[in-house]
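What follows is one structure encoded as C-alpha cells, with my remarks underneath.
The values are calculated or read from the model by the stated rules, or taken from the named source; none is laboratory data. Everything quoted here is computed from the prediction, not taken from an experiment. Every residue, glycine among them, receives a Cβ derived from its backbone with ideal geometry; neighbour counts consider all protein chains shown. Heavy atoms of the whole protein, side chains included, go into the accessibility calculation; ligands, DNA and RNA do not. Shrake-Rupley method; radii C 1.70, N 1.55, O 1.52, S 1.80 Å.
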Amino acid sequence: MPQTLEQKISAYIELGNALPEVPLDLKNNLNPAFELRPYQNQAFSRFLYYLSNDRLRQKPAQLLFHMATGSGKTLIMAGAILHLYKQGYRNFLFFVNSTNIINKTRENFLTPLSSKYLFAETIAFGDKKVAIKEVDNFQAANEEDINIAFSTIQGLHSRLNTPRENCITYDDFQDKKIVLISDEAHHINVETKKGKLNKEEQEEIISWEGTVSRIFRSNPENILLEYTATADFSVQEIASKYCDKILCDYPLKQFRIDGYSKEVKVLQSDVPLIQRALHALILSQYRRKVFEKNRKRIKPVILFKSKTIAESKSFYDEFAMTIKNLKKSDISAIEKSDEPTLKRCFVYFKENNISIENLIEELKNDFSEEKCIEVNSKEESEEKQIAVNTLENENNEYCAVFAVDKLNEGWDVLNLFDIVRLYDTRDAKEGKPGNTTMSEAQLIGRGARYCPFQIDQAEPKFQRKYDSDIQNELRICEELYYHSAYNPRYIQELNIALQEIGIKAKETKEIQLELKMDFKESDFYKNGLIFLNKQVKYDRSGLSALPNIVRERIFHVNLFSGAVESTAIFDNAASPSKKTKQRDYMLEDFGFYVIKKAISKLEFYRFHNLKSFLPNVKSIHEFISSENYLKKIRVEVEGEEGHIAALTPNEKLKITVSILDKISQSLESDKVEYQGTPEFFPNSVSKIFSKDKTLNIFVKEGSDQEYGVPQSQASNNALRLDLSSKEWYAFKENYGTSEEKYLIKFIDKAYDALKLKWDEIFLVRNERHFQIYTFNDGQPIEPDFVLFLKKKDSDLSLHYQIFIEPKGEHLLKYDEWKEKFLKSLKEQHRINVLWKSKKYTVWGMPFYNEALKKTEFENEFRASFL
C-alpha cells in the first residue's frame with residue numbers, strides 16, 4: 001500500500017515544516033464556547049495546507065476526516081464551511097443516512113439559541129456580515145449567504161433520480177461549484193465494499209454512492225468532505241479508495257489516551273434486573289452529590305437498554321412501580337454489598353449526613369415517571385427526539401432513558417454516566433465478539449464522551465483530570481459504568497470489543513505512588529519550602545494606547561489589486577515591478593466621518609467590545625482622533641500618480657475598513673486573559689506533596705513501551721535501576737516514560753559529584769501535585785520533576801529549586817514554549833527576601849532528551865550545580 005495522504009502530511013511535519021496557522025476569522029466565527037482542541041487545530045491546519053498545495057490537491061477534491069466519536073467532527077465541518085466561504089464557495093449539501101442526525105445538525109448549524117449552536121452570534125468577514133440559510137435547491141440561492149441543503153442519502157438519491165418541482169435536481173450542479181458534506185460517511189461506501197467493478201458496471205450503477213459520485217464530478221471545483229469514526233480500512237477496496245483522500249486519522253484509542261473520554265468501567269452483579277437498576281441509581285445519585293458539592297450543576301443520566309420494545313416497556317412499568325414504592329429494605333440490601341464502588345457511595349452518604357430515608361426521597365423525586373423517557377421506536381415524536389438530544393440542558397429534567405437501539409448512531413450526549421444492560425444473551429462465535437456485542441461496545445464508545453467541568457481555572461476543562469489521583473472523590477465524575485449480569489465469558493468478549501474500537505486499554509494498572517518513609521520523616525519534608533507562582537487575571541487597566549506593533553506599522557494598499565497588507569516599518573522588501581507611485585497618508589487624512597463609517601461596519605469595534613481590549617478609551621471619538629489610537633496610523637497607497645493623489649470617498653472607506661480589520665486581528669491575536677506572576681511564593685513541601693496517590697496507567701500504549709513499567713523492572717536494561725535504596729529519590733518507584741527513566745539514570749550517575757558540593761539532594765516526581773504559570777499568558781505547566789539542592793555557605797544557607805522536563809523527541813518542537821519559559825526562570829523569577837540567613841533560587845533547565853539534548857542539558861547542569 002503506498003503512503004496515504006495523512007502519512008505524507010505527517011512526514012512533512014516530522015521534517016520540521018510548519019502547517020498554516022488557523023486564521024482568526026475562522027476561529028472568531030465559531031461559537032467561543034467551543035474552545036478548539038489541539039487535534040482540531042491540527043485538522044484545520046491540514047485542511048488549509050491541502051487546499052493551498054497544488055501538488056496534493058486533486059480536482060474535484062475529496063477528503064476524509066477519520067475522527068473518533070465525540071471528537072467534534074461537526075465543529076470541524078462548521079470551520080470548513082467558514083473557510084470555504086472565504087474561498088468563494090456558497091453552496092453546501094449536507095447528507096447523512098439518518099433523519100435524526102439531520103435534525104440534530106440542522107439545529108447545530110441554524111439555531112443560535114441552541115446550546116450546541118456552532119457559529120458565532122454574528123458571522124462576519126471584515127465588514128461583511130454573512131447569514132446561514134437552509135435551502136431546498138441552489139437555483140435561487142443568495143450568492144452572499146452560506147446556503148445549506150440538508151438531506152438523507154436515501155432522500156437525495158430518490159429526489160435526484162425521480163425529480164419533482166422545487167426540489168434539488170442534477171441541474172443544480174451544472175454551473176455551480178458545490179461543497180458536499182457527508183456525515184457518517186461509511187454509509188456511502190455500499191458499492192465500494194462489493195469489490196472491484198469494471199467501467200461499464202460502474203457507470204450503470206444507480207446507487208447512493210453512484211449518486212454522490214455523479215454530483216461530485218459535475219464540476220472540477222467541487223469538494224467532497226467526508227466525516228466518520230468507523231471507516232473499515234480492513235476492506236482492501238476502501239483502503240485503496242481513501243489512500244490519497246484521508247486527511248486526518250484521530251482514532252478513538254488516541255482520543256482516550258489524550259484524556260478526552262470518560263474511563264469505562266464494567267460493574268457485574270448476580271442480582272435481579274431491578275436491583276441492577278437500583279445499583280445504577282445509587283451510583284448516579286452519589287455522582288450528582290459530588291458534582292453539587294463542587295458547585296457544578298451537572299445532572300447525570302442513566303440509559304436502560306433492552307433487547308426488544310416489549311421488554312423495554314415491561315421493565316419501564318416495573319421500574320416506575322418500584323421507585324414509587326421504594327423501601328428502606330431495598331436500599332439496605334445494596335448497602336451490604338461488597339462491591340467497592342457501591343461501598344464508596346454509602347461511605348460518602350454517611351460522611352455527608354445523607355440518611356437512607358433522605359436518599360429514598362431523592363430517588364423517588366429524581367426518577368419519578370415525569371423524569372423518565374421511553375424512546376423505543378424509530379417513529380418517536382419530534383418532541384422526544386429533541387428531549388434525548390438536549391439532556392445536558394438545565395431545563396431538561398430527564399434523568400433516565402429507556403431504549404432498545406433507537407440511540408445507537410448519532411446520539412450526542414455528554415452527561416450519560418451509566419448504561420444498564422437489561423438482558424443476558426451472548427452472540428460470540430469462536431471467541432470473537434458478535435454483532436450485538438460490537439454494537440454495545442460502540443454505544444459505550446458514544447456514551448464515553450467526556451462531560452466537561454472545571455474546579456479551578458488551571459485545570460483542563462475537556463479532559464480527564466484524575467488519572468493521576470483516582471482516589472479523588474471527583475474521579476467518579478469522569479467514569480462511565482456499564483452494568484451487566486455476572487457473566488465472565490460475555491465480559492471477556494465485551495472487553496475485546498471495547499479494545500478493538502479503542503475505548504478501553506488492553507492493560508491498565510492501578511499503581512500506588514508512595515513517598516518513602518525516610519523522606520517523609522526528613523527535616524526537608526517537614527519544614528522545607530517549594531516556591532510556586534500564581535495565575536492571575538491579566539490587568540489591562542494600564543493600556544492607554546494601541547500596541548506599538550500596530551502604531552509603528554505602515555499599512556500598504558495597492559489600488560490596482562485592492563489588496564491591503566501590513567509591512568513592518570523597517571521592512572526592506574523590494575517594490576513591485578509595476579510603474580506605480582506610492583503616497584503616504586495618515587489615517588486621519590481620510591476624514592473623521594469616513595473612519596467612523598468604517599468602524600460602524602465592523603462588529604469588533606462595538607464600543608463594549610473595544611473597551612475589553614483597550615479599557616481606557618473613553619469614546620469612539622477619542623479612538624478616532626487621539627494620537628494614542630487611530631489618528632497617526634500610517635498608510636502607504638500605491639497606484640497611478642494621479643489616482644493616488646485624488647482618492648474617491650468610496651476608496652478611502654474601503655482602505656479604512658481593510659486597515660481596521662487588520663488592526664482588530666492584531667489586537668485579538670495578542671489578547672491575553674491571564675498571566676503568571678514573576679513572584680514565586682513559598683509553600684510547604686509537606687502540604688504540596690501531602691498524600692500518596694493511586695495512578696491509573698495504560699500500560700505499553702502509544703510509542704513509549706516503558707510507561708507504566710517500574711524502573712526496577714524496565715524492559716530496557718540500560719534503564720533499569722532499583723530506586724528503593726536511593727536516598728535522593730523521594731518516591732519508592734518510578735513508572736514514567738523512557739526519557740524520564742533516562743533522566744533518573746543521569747541524576748544517579750551525577751549524584752556522587754553533587755554530594756561533594758551540596759548537603760541535601762532530593763529529586764521529586766510531580767504527579768499533578770503542582771503547576772507553575774508562564775509569565776506572558778498564564779499557561780499552566782506541570783514540570784515532571786523538581787530537584788532540590790541545599791548547602792551551607794558560611795552564614796548563608798543556599799536553596800536551589802530546579803524544574804526539569806524530560807521530553808520525547810515527538811514533543812520537543814511542539815512544547816518549545818515550555819522550554820523557553822523554564823529557561824527564563826533563572827533571570828525573571830522574583831522571591832521576596834524572607835530570611836537573612838537563607839537564599840532561595842528558582843531555576844529551569846533545558847529539556848532532557850537522551851538522544852538529542854543530553855549534551856546541552858549536561859553542560860548547563862555541570863556549569864551550574866557541579
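Run down I549, I491, I501, I476 and say which single residue is open to solvent by 10 Å² or more (accessible area, probe 1.4 Å) and either within 28 Å of V842 (Cα to Cα) or within 25 Å of the chain's Cα centre (by Cα) (or both).
Numbers: I549 fails: either within 28 Å of V842 (Cα to Cα) or within 25 Å of the chain's Cα centre (by Cα) (or both); I491 fails: either within 28 Å of V842 (Cα to Cα) or within 25 Å of the chain's Cα centre (by Cα) (or both); I476 fails: open to solvent by 10 Å² or more (accessible area, probe 1.4 Å).
From the options I549, I491, I501, I476, the qualifying one is I501.
Only one of the numbered conditions (1) under 26 Å from F821 (Cβ atoms); (2) modelled with pLDDT of 90 or more; (3) out of contact with any Phe, Trp or Tyr (no Cβ under 8 Å at 6 or more places or on another chain) is not met by N527, and that is (1).
Pairs linking a residue in segment 741-764 that is buried (at least 16 other Cβ atoms within 10 Å of the Cβ) to a residue that is among the acidic types (D, E), with Cβ atoms under 7 Å and 6 or more positions apart or on different chains, are K741/E706; Y742/E850.
Of the residues in segment 822-845, not one is open to solvent by 60 Å² or more (accessible area, probe 1.4 Å), in a strand (DSSP E or B) and closer than 21 Å to I744 by Cβ. Quickly run through segment 13-37 and pick out the residues that are assigned to a helix (DSSP H, G or I) and open to solvent by 70 Å² or more (accessible area, probe 1.4 Å). Answer for segment 13-37, where residues must be assigned to a helix (DSSP H, G or I) and open to solvent by 70 Å² or more (accessible area, probe 1.4 Å): E14, K27. Of the residues making up segment 598-627, those that are within 16 Å of A124 (Cβ to Cβ) and either among the aromatic types (F, W, Y) or modelled with pLDDT of 95 or more (or both) are F604, Y605. Residues that are part of a helix (DSSP H, G or I), among the β-branched types (V, I, T) and either in contact with a His (Cβ under 8 Å, 6 or more places away or on another chain) or surrounded by 17 or more Cβ atoms within 10 Å (Cβ to Cβ) (or both) within segment 269-294 comprise I282, V290, listed in sequence order.
Residues of segment 259-269 that are under 14 Å from the mean Cα position of the chain (by Cα) and over 13 Å from Q40 (Cα atoms): G259, S261, K262.
Within segment 776-793, at least one residue is open to solvent by less than 10 Å² (accessible area, probe 1.4 Å) and at pLDDT below 95.
Restricting segment 76-100 to residues that are farther than 15 Å from E143 by Cα and open to solvent by 10 Å² or more (accessible area, probe 1.4 Å) leaves a set whose member that is nearest to the chain's Cα centre (by Cα) is H83.
The listed residues are Q454, Q463, and the only one of them that is out of contact with any Gly (no Cβ under 8 Å at 6 or more places or on another chain), outside any helix (DSSP H, G or I), closer than 29 Å to N389 by Cα and open to solvent by 20 Å² or more (accessible area, probe 1.4 Å) turns out to be Q454.
Only a single item in (1) open to solvent by 10 Å² or more (accessible area, probe 1.4 Å); (2) at pLDDT 95 or above; (3) not aliphatic (A, V, I, L, M) is not met by Y735, and it is number (2). Among the residues of segment 621-656, those that are in a helix (DSSP H, G or I), open to solvent by 40 Å² or more (accessible area, probe 1.4 Å) and in contact with a Lys or Arg (Cβ under 7 Å, 6 or more places away or on another chain) comprise S625, E641. For V420, all conditions in the list (1) aliphatic (A, V, I, L, M); (2) at pLDDT below 90; (3) open to solvent by less than 20 Å² (accessible area, probe 1.4 Å) hold save one; what is the number of the exception? Here V420 meets the rest and fails (2).
So, V266, is that one among the β-branched types (V, I, T), part of a strand (DSSP E or B) and open to solvent by 30 Å² or more (accessible area, probe 1.4 Å) or not?
In short, yes.
Only one of the numbered conditions (1) buried (at least 19 other Cβ atoms within 10 Å of the Cβ); (2) assigned to a helix (DSSP H, G or I) is violated by S686, and that is (1).
A Cβ distance below 7 Å, combined with a sequence gap of six or more or placement on separate chains, defines the contacts here; from segment 676-691, residues that are more than 19 Å from E782 (Cβ to Cβ) reach residues that are surrounded by 14 or more Cβ atoms within 10 Å (Cβ to Cβ) and of a type outside the set (A, V, I, L, M, F, W, C) in the pairs P678/H829; E679/N533; S686/Y525. Just wondering, is there one or more residues in segment 784-794 that are closer than 21 Å to H769 by Cβ, in contact with a Leu (Cβ under 6 Å, 6 or more places away or on another chain) and either in contact (Cβ under 8 Å) with a residue 60 or more places away in the chain or assigned to a helix (DSSP H, G or I) (or both)? Checked segment 784-794: no residue is closer than 21 Å to H769 by Cβ, in contact with a Leu (Cβ under 6 Å, 6 or more places away or on another chain) and either in contact (Cβ under 8 Å) with a residue 60 or more places away in the chain or assigned to a helix (DSSP H, G or I) (or both). Here Y707 fulfils each of the conditions (1) buried (at least 17 other Cβ atoms within 10 Å of the Cβ); (2) touching a residue at least 40 places away in the same chain (Cβ under 8 Å) apart from (2). Might you let me know whether segment 457-477 holds any residue that is in contact with a strand residue (DSSP E or B) (Cβ under 9 Å, 6 or more places away or on another chain) and under 22 Å from L273 (Cα atoms)? The answer is no; no qualifying residue exists. Residue under question is A43, and the condition is that it be closer than 19 Å to K813 by Cα, among the small types (G, A, S) and either touching a Pro at 6+ places or on another chain (Cβ under 7 Å) or open to solvent by less than 20 Å² (accessible area, probe 1.4 Å) (or both); does it hold? Here the answer is yes, as A43 does meet what is asked. The residues in segment 295-345 that are surrounded by 14 or more Cβ atoms within 10 Å (Cβ to Cβ), assigned to a loop (DSSP other than H, G, I, E, B) and under 31 Å from the mean Cα position of the chain (by Cα) can be counted, and the count is 4.
Give the residue that is modelled with the highest pLDDT, with candidates limited to residues of segment 208-249 that are assigned to a helix (DSSP H, G or I) and polar (S, T, N, Q). Here the residue is S240.
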